[in-house]
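Visitor: Mind having a look at this structure? Questions to follow.
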Amino acid sequence: MKQLKSYRVWIVLGLLALTIVGCDNYTDEWYLGNRHGYYDDDDDVSDDMLAMAEYIEGQWSGTLIAKYTEGGIAYADSFYVDYTFQRSKNQASGIGTEYTFTLAEEPYKTRKFTWYINQDGHVYIDFADHVSMVIYYDDFRLDRSRFWGTMTAIKGVQEYDEFDLTYQSAHAKSNRQGNGRSYGGKANTVMVKGVAMSKTK
């Protein structure tokens with residue numbers, strides 16, 4: 001009887017270990033840029049989507065005004081922000097980190113996220129705190145040195161943010177795809193099924 005109880009203890013401990021490992025793997029998969037079904041296959045990622053992703057990849061710094069509603073009252077808070085975007089190989093998606101600072105330059109919040117670009121050119125950002133934002137193609141302008149526009153919350157909060165970022169990474173962009181182009185509706189372009197083109201008058 002005593003031996004049977006010992007076996008039961010080992011079985012329970014084994015199951016507990018598997019549960020803990022399973023939780024850790026889920027967290028790692030989330031932060032390592034699991035594509036979460038963003039694309040059915042590699043053929044769905046167009047050259048313009050890859051070029052946009054290459055533009056976004058790197059370090060950006062600037063300002064952000066968060067406009068949100070709590071208890072029926074509208075608020076607007078201003079911050080300094082740093083973003084680091086890392087891109088998965090040959091994909092228009094990846095992982096990143098948002099660093100937020102008060103206007104007194106004191107650290108306010110740090111959040112990890114995954115991001116991806118869909119075939120309409122929208123940039124989706126899923127934060128680890130279960131907030132999801134989207135930067136609609138019509139709502140931004142992106143080029144080699146500047147990324148500005150608005151992002152809208154689609155999950156977790158009622159908020160939209162106005163951002164204006166300057167590219168900070170040291171590596172050159174001269175050999176990147178789409179060099180010299182600008183993307184986004186505020187650059188007078190549209191994206192249809194992954195192809196960016198000038199807006200027709």
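The values are calculated or read from the model by the stated rules, or taken from the named source; none is laboratory data. Note that the structure is a prediction, hence the values are computed from the model and not measured. All Cβ positions, even for glycine, are placed from backbone atoms using ideal geometry, and neighbour counts span all protein chains on display.
Visitor: Kindly provide the set of residues from region 99-121 that are over 13 Å from Thr63 (Cα atoms), in contact (Cβ under 8 Å) with a residue 24 or more places away in the chain, crowded, with 17+ Cβ neighbours inside 10 Å and of a type outside the set (A, V, I, L, M), ordered by number. If you could, list the steps in order and put the result at the bottom.
Guide: Kept after step one, since they are over 13 Å from Thr63 (Cα atoms), are these residues of region 99-121: 106-121.
From what's left, in contact (Cβ under 8 Å) with a residue 24 or more places away in the chain: 108, 112, 114-121.
With the extra rule that they be crowded, with 17+ Cβ neighbours inside 10 Å, the set shrinks to 114-119, 121.
Result: Thr114, Trp115, Tyr116, Asn118, Gln119, Gly121.
Visitor: Hey, another quick one. What are the pairs, 6+ residues apart or on separate chains, where a residue within region 83-96 that is more than 18 Å from Lys193 (Cα to Cα) has its Cβ under 6 Å from a residue that is at pLDDT 95 or above and of a type in the set (Val, Ile, Thr)?
Guide: Thr84/Thr97; Phe85/Ile56; Gln86/Ile95; Ile95/Thr114; Gly96/Thr84
Visitor: Quick check on Leu142: is it under 28 Å from Thr189 (Cα atoms) and either surrounded by fewer than 20 Cβ atoms within 10 Å (Cβ to Cβ) or at pLDDT 95 or above (or both)?
Guide: When the stated conditions are applied, Leu142 passes them.
Visitor: On to the next question. Could you run through region 128-161 and say how many residues are within 21 Å of Tyr68 (Cβ to Cβ), out of contact with any Phe, Trp or Tyr (no Cβ under 6 Å at 6 or more places or on another chain) and assigned to a strand (DSSP E or B)?
Guide: Total meeting the criteria: 11.
Visitor: Still on this structure: Would you say Thr84 is part of a strand (DSSP E or B), hydroxyl-bearing (Ser, Thr, Tyr) and at pLDDT below 95?
Guide: On the way: part of a strand (DSSP E or B): yes; hydroxyl-bearing (Ser, Thr, Tyr): yes; at pLDDT below 95: no.
In short, no.
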